[in-house]
1. Taking only pairs six or more apart or across chains, which ones have beta-carbon atoms under 9 Å, a first residue in the stretch 23-52 that is closer than 19 Å to residue 197 by Cβ, and a second residue that is part of a loop (DSSP other than H, G, I, E, B) and of a type in the set (A, V, I, L, M, F, W, C)?
2. Quick test for you: out of 106, 158, pick the one residue that is at pLDDT 85 or above and either surrounded by 15 or more Cβ atoms within 10 Å (Cβ to Cβ) or farther than 29 Å from residue 40 by Cα (or both).
Amino acid sequence: MATPEITSNGFNIQRYRDQVPEILRLYYRAEVMKRGCPFIDDQDTAAHLQKAARWLLSVRRPKTGLIICGGTGNGKTTMANALAQTITKCNNQAVTQITALQFAALEAERDENRYKLIQYRQAPVLFLDDVGTEAASVKVWGNVISPVVELIYQRYNLQLFTIATSNLTEKQLTEKYGDRVGDRIREMFNVLAFNNESYRGRI
């Protein structure tokens, strides 16, 4: 595939619009199978894939990110991974993933993790998993910092593409991080809500 242009509002994959729904579905299925779980092709899964593909192919997408909210075990991380891989496939861009954001926040006082956070801030595509599970702030050399807040601010300022998942609602994220961050989250992210029951209970 040729490399489509990366725009300020995300990734231009319109030339693949006919293939994107199937590419996304294949990556989603592969993510499920990778965990040794059966792929449950039910109405919830079909609806999630349809909504995600529609968002990805939206011609008018003024926001530079997507946050998938909902309860545990209902496919948020699986979908975010599938979206990131679909974008990579259609754009030939490397995707930086944080699969344990709580670890990054709690270990931010370590030099190697601070350097990683700088890389995360500037990555063309960033996947933030389980936003809101980490400590709101940590101490580094006696200074109180909020690594996740700083990360969101930086990506907001640079208008960089970000996919996130959270068990918290938009309102709960605002309560955790404060009104200023909540306001930026509302401007930065489209919200895709997963309200189905956990897939883990159906295995």
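1. 28/39; 32/39; 32/40; 37/203; 38/203; 40/203; 45/39
2. 158
The values are calculated or read from the model by the stated rules, or taken from the named source; none is laboratory data. Everything numeric in this text was worked out from a predicted model, so none of it was measured. So basically every Cβ, Gly included, is an ideal-geometry build from the backbone, and we count neighbours across all protein chains shown.
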